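Chemist: Could you have a look at this structure, given as structure tokens, before my questions?
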């Protein structure tokens with residue numbers, strides 16, 4: 001039985017934890033060859049060993065334009081082409097309306113928006129020469145409503161959503177589809193302070209905190225259930241596959257109905273105030 005991504009090559013940023021890690025695993029299971037990017041070399045090496053020859057880890061900091069470019073070049077040199085780019089890397093950001101600093105702004109925009117724009121920038125000529133491709137960027141429900149993420153985080157995610165619409169219009173002639181995914185109520189290590197902090201915890205403590213987190217998140221949407229990274233990975237699978245050949249310039253919201261009428265505040269989730277970070 002054929003897999004949905006047979007013959008395709010994907011690059012996934014933020015691939016060593018949470019949504020990115022689940023997406024790497026799912027894409028490989030569906031027949032893709034995958035290069036994944038992260039800063040945690042130990043985790044990257046372990047994943048590469050576990051998942052086999054169709055996976056390649058590339059250590060990079062996506063806040064730096066040249067490292068984004070290098071990751072794309074490595075994908076092509078290692079596997080010969082680039083069919084899908086999943087701009088997934090993200091993290092917590094600081095600064096509120098009345099405390100924002102220039103450093104806060106620069107850090108947030110370089111991580112959440114710049115990495116996306118430069119990913120699109122350097123993937124475009126490769127995909128155009130191949131006759132097409134799919135670019136996916138992780139946005140957020142915070143890009144639509146207040147109290148779902150920090151000030152700069154929400155602004156950046158709104159920009160990611162709109163940047164995809166503009167890019168989709170400009171790149172459609174090259175058969176390059178550009179879409180975003182907006183997660184909400186997704187239990188990921190970011191609520192524990194980030195993947196690096198979670199990696200330093202004992203496994204049973206991480207499991208306990210994640211179970212508590214899932215219970216808290218289940219109160220944030222009409223389904224009374226928490227989403228998990230695999231739910232977003234399946235959304236990315238659809239957008240990467242030929243099943244979505246006529247789908248572009250869109251934002252795929254995966255939030256258990258939160259935007260339609262769930263709770264509008266992520267307070268008391270995890271052990272840190274989420275309004276300073278992100279819901280995904």
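Chemist: Among (1) surrounded by fewer than 24 Cβ atoms within 10 Å (Cβ to Cβ); (2) part of a loop (DSSP other than H, G, I, E, B); (3) at negative phi, there is one condition residue 89 misses while meeting the rest; what is its number?
Modeler: (1)
Chemist: With within 20 Å of residue 137 (Cα to Cα), out of contact with any helix residue (DSSP H, G or I) (no Cβ under 6 Å at 6 or more places or on another chain) and modelled with pLDDT of 95 or more as the only criterion, which of 48, 67 stands out?
Modeler: 67
Chemist: While we're on this one: Tell me which of these residue 158 doesn't satisfy, since it passes every other one: (1) surrounded by fewer than 20 Cβ atoms within 10 Å (Cβ to Cβ); (2) over 28 Å from residue 246 (Cα atoms); (3) in contact with a helix residue (DSSP H, G or I) (Cβ under 9 Å, 6 or more places away or on another chain).
Modeler: Unmet condition: (2).
Chemist: Looking only at segment 232-241, which residues are assigned to a helix (DSSP H, G or I) and surrounded by 19 or more Cβ atoms within 10 Å (Cβ to Cβ)?
Modeler: 232, 233, 235, 236, 237, 239, 240
Chemist: Here is a check on your reading of the model: is residue 48 within 17 Å of the chain's Cα centre (by Cα) and assigned to a helix (DSSP H, G or I)?
Modeler: The answer is no for residue 48.
Chemist: Continuing with this model, one more query. Taking the stated definitions as given, is residue 177 more than 16 Å from the chain's Cα centre (by Cα), closer than 21 Å to residue 237 by Cα, at pLDDT 95 or above and not in a helix (DSSP H, G or I)?
Modeler: When the stated conditions are applied, residue 177 passes them.
Chemist: Looking at residue 98, is it over 21 Å from residue 127 (Cα atoms), without any contact (Cβ under 8 Å) to a residue 12 or more places away in the chain, out of contact with any strand residue (DSSP E or B) (no Cβ under 9 Å at 6 or more places or on another chain) and assigned to a helix (DSSP H, G or I)?
Modeler: no
Chemist: Does residue 201 satisfy the criteria of being at pLDDT below 95, touching a helix residue (DSSP H, G or I) at 6+ places or on another chain (Cβ under 9 Å) and surrounded by fewer than 20 Cβ atoms within 10 Å (Cβ to Cβ)?
Modeler: Answer is yes for this residue.
The values are calculated or read from the model by the stated rules, or taken from the named source; none is laboratory data. Since the structure is predicted, the reported quantities are computational estimates derived from the model, not experimental observations. Using ideal geometry, Cβ is built from the backbone for each residue, glycine included, and neighbour counts are taken over all protein chains shown.
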